[in-house]
1. Answer yes or no as to whether Gly151 is of a type in the set (Gly, Ala, Ser) and either open to solvent by 60 Å² or more (accessible area, probe 1.4 Å) or touching a residue at least 40 places away in the same chain (Cβ under 8 Å) (or both).
2. Output yes when any residue across the range 294-305 is more than 15 Å from Thr593 (Cβ to Cβ), open to solvent by 10 Å² or more (accessible area, probe 1.4 Å) and of a type in the set (Val, Ile, Thr), and no when none is.
3. I'd like the full set of residues that are open to solvent by less than 30 Å² (accessible area, probe 1.4 Å) and either assigned to a helix (DSSP H, G or I) or in contact with an Asp or Glu (Cβ under 9 Å, 6 or more places away or on another chain) (or both), limited to the range 347-371.
4. Going through Ser108, Ser88, Ser119 one at a time, which residue ends up being over 20 Å from Lys178 (Cα atoms), of a type in the set (Gly, Ala, Ser) and either in contact (Cβ under 8 Å) with a residue 12 or more places away in the chain or crowded, with 19+ Cβ neighbours inside 10 Å (or both)?
5. Given the structure, is Arg37 of a type in the set (Lys, Arg) and touching a Gly at 6+ places or on another chain (Cβ under 7 Å)?
6. What do you reckon, is Lys403 among the basic types (Lys, Arg) and open to solvent by 50 Å² or more (accessible area, probe 1.4 Å)?
7. Name every residue in the range 670-690 that is at pLDDT below 75 and open to solvent by 40 Å² or more (accessible area, probe 1.4 Å), in order of residue number.
8. Between a residue in the range 387-405 that is of a type in the set (Gly, Ala, Ser) and any residue that is open to solvent by 10 Å² or more (accessible area, probe 1.4 Å), which pairs come within a Cβ distance under 6 Å, given they are 6 or more apart or on different chains?
Amino acid sequence: MSEGIDLSSLNPAQKEAVLHNEGNLLVSAGAGSGKTRVIAYKIAYLVSELLVPERNILAVTFTNKAAGEMKERVESLLQIGFFFGQISTFHSFCLRVLRKEAGYLGYSSDFAVCDSYDSVQIVKEILKNMRLKLKEKPKVVAAMISALKNGREVDLPKDLTEELLSQILENYNSFLKKNNLMDFDDLLLNTLKLFEENPSVLDFYSSNYPFILVDEFQDTNTVQYNLIKLLSRNSIHLCVVGDEDQSIYGWRGAEYKNVSQFINDFENVKVVKLEENYRSTVSILEVANAVISNNSRRIEKKLFSRKEFSGSMEIFGAHSPYDEAEYVAQHIERFVEAGEPLPEIAVLYRANYLSRHFEDSLMKRAIPYKVVGGIRFYERREIKDLIAYLRLINNPYDNVSFKRVVNIPKRGIGEKTLEKLGEYSPSLFLAIDLIPDKFPKSKILKSFKKTIDKLKAESFDTEFFDKVLKETEYIEFLKSEYFGHELESRVENVYELRNTINEYLARNENASLSGFLDTISLVSDADEITKDAVNLMTIHAAKGLEFNTVFVVGLEEGVFPTGRSFASQEKLEEERRLFYVAITRAKTNLFLTYSRTRGFGNKYFEKRNPSRFLKEIPITRFNTAGYSIYEGETDFSSASFSSPSPSFNDESVSLQSEFSKGTEVLHSRYGEGTVLNILDGGSKVIVRFKKVGIKILKSNALTVKEE
């Protein structure tokens with residue numbers, strides 16, 4: 001064994017997984033058990049000790065961030081500057097294969113990858129060409145198409161039959177093929193088709209990668225599972241690492257059963273369990289183990305930890321979402337004052353709509369926060385505009401990008417002009433050279449093409465993007481559309497895109513515009529995380545992350561678990577896995593909160609019962625900081641809650657005698673409003689304000705409006 005690879009820091013189970021390198025291996029890795037570390041050591045061991053050439057190793061994961069971190073770990077272990085093995089996402093691997101083999105499928109190698117926005121625009125055009133006026137927006141139809149491509153069931157609306165949707169899908173695929181485009185789903189599907197229909201191509205790739213490692217195996221869908229089955233048919237060693245207890249993406253096609261199915265589909269599978277958790281305290285893991293043990297069809301694991309220190313663990317039952325948010329914000333304030341770094345704090349919820357009250361309470365205290373999962377960088381309007389310019393410069397057949405930028409800045413090119421332009425060539429861009437001078441907007445279109453042609457001739461270097469900005473006059477366009485802070489923000493985004501290009505140029509010796517576009521087309525939602533702010537996010541967005549202090553909020557029946565899960569045991573178990581993931585994000589402090597009332601639909605406030613998952617936890621581990629539960633509600637395994645006054649109420653508040661339902665009131669900030677209801681014996685009121693809608697306020701913050 002070389003001095004560079006020291007396995008002494010691995011625990012016995014991790015070491016066993018690293019040293020087993022023949023046949024098929026399933027590493028059942030619990031949350032926080034160091035699975036990525038095991039994969040990195042395993043790759044380094046293959047190269048350093050078994051002398052496996054780097055090019056013969058394929059490691060696949062789900063996000064660019066995870067792939068990048070794994071690559072850095074391997075390079076560090078091997079003490080090399082660059083690892084030449086293939087460590088990538090499924091989509092990146094498939095894109096690389098298709099770039100070389102697209103001809104087998106009737107594509108040229110310079111095909112473009114269209115993102116979700118582009119797909120919606122294509123669907124919009126198809127529906128127009130088919131003269132269909134559906135109630136469903138193109139975005140909804142595009143989502144249905146994606147579901148069909150991934151083999152998922154689609155609930156059809158009344159005006160969209162299975163036959164009609166199939167015809168839309170056929171036209172959609174035809175459009176992509178005609179325009180030399182593939183969407184994200186095609187990257188996987190076309191690679192699978194390529195391998196299934198061309199045995200010689202499959203033999204080449206399966207022989208080229210005798211050592212295959214797959215991370216986050218519980219998140220694979222059917223297409224990805226079949227790709228691995230095909231690729232590994234000539235493998236010396238196939239290692240899949242996953243944890244069905246953390247499979248939370250069933251709604252987008254992930255099959256948690258793939259973990260147990262692996263044992264049935266592959267011969268002589270060795271199973272290694274990673275159960276030692278390096279993240280959380282003993283108390284937190286006791287809660288996590290108790291919850292997940294209620295799920296069936298899982299490889300039984302019991303996480304343990306050597307972190308005996310017990311942090312703060314509380315359950316809080318609030319009267320309202322406002323109270324719940326105040327409780328959370330006040331505790332965050334205390335943690336921050338005690339020195340807790342902001343990024344080490346997370347508020348996790350089941351769905352984005354739950355964030356509003358927490359945002360309000362944090363803003364009120366001037367605590368910086370970030371809603372992770374808001375408008376992401378590559379989805380911002382100005383970024384999509386400029387990427388469309390780059391795509392058109394790279395691919396003259398990209399009609400989707402052409403249509404996006406031909407009127408940015410505004411050039412007065414309408415739909416009729418574009419329809420006529422399409423009669424001259426399949427490529428709207430190349431058609432400009434064929435139109436006569438009398439063609440509508442001929443001079444403007446030819447000037448536009450001249451600009452793009454000029455940029456096509458430029459070298460792709462650090463000055464390229466500045467030339468794009470200059471020639472397209474994009475900054476001037478922004479100035480004509482926005483002003484003030486919004487203008488500044490959008491200009492900052494533009495220059496951040498320039499930084500992205502320059503970073504790509506610095507990291508890639510054979511950099512190209514095509515390569516850059518491939519890179520950014522594969523950036524996933526999970527690749528961004530906030531700095532210097534409290535993180536507010538859905539539990540799905542928190543997968544793979546860890547925080548010292550975690551608040552899991554909105555733990556009510558119908559919210560978490562969602563009402564949609566009640567009809568299916570399988571869906572309910574996925575909700576429980578989601579709760580397990582939320583709990584295991586916490587390193588030291590864990591808070592579980594719920595509200596006894598929450599508005600739904602046209603109901604301002606509706607009584608809610610605590611989540612059934614709260615019955616499954618060892619209640620003695622928690623300080624029950626909430627109010628006593630309502631009579632008739634679940635008593636959380638016979639544990640009774642004390643009823644202290646909310647800690648954020650520093651003084652008793654008496655109801656002003658003038659207040660009753662229908663009273664017209666005034667507030668210094670919100671203006672005029674009408675009392676809808678009285679809460680907490682009169683200490684609080686629900687008010688509908690004319691300007692800002694419904695608010696819950698302390699009654700002493702209001703005055704009766706004089707007639």
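The values are calculated or read from the model by the stated rules, or taken from the named source; none is laboratory data. Computed from a predicted model, the values in this text were never measured in an experiment. Note that we place each Cβ from the backbone using ideal geometry, even for glycine, and neighbour counts take in every protein chain shown. Protein only, heavy atoms only, side chains kept; ligands, DNA and RNA dropped before computing areas. Shrake-Rupley method; radii C 1.70, N 1.55, O 1.52, S 1.80 Å.
1. Considered against the rule, which asks whether it is of a type in the set (Gly, Ala, Ser) and either open to solvent by 60 Å² or more (accessible area, probe 1.4 Å) or touching a residue at least 40 places away in the same chain (Cβ under 8 Å) (or both), Gly151 comes out as yes.
2. Scanning the range 294-305, I find at least one residue that is more than 15 Å from Thr593 (Cβ to Cβ), open to solvent by 10 Å² or more (accessible area, probe 1.4 Å) and of a type in the set (Val, Ile, Thr), so the answer is yes.
3. Within the range 347-371, Leu354, Ser355, Phe358, Ser361, Leu362, Ile367 qualify.
4. One residue alone meets the criteria, Ser88.
5. Criteria not met by Arg37.
6. yes
7. Passing the criteria: Asn677, Ile678, Leu679, Asp680, Gly681.
8. Matching pairs, first to second residue: Ala388/Arg404; Ser401/Arg391.
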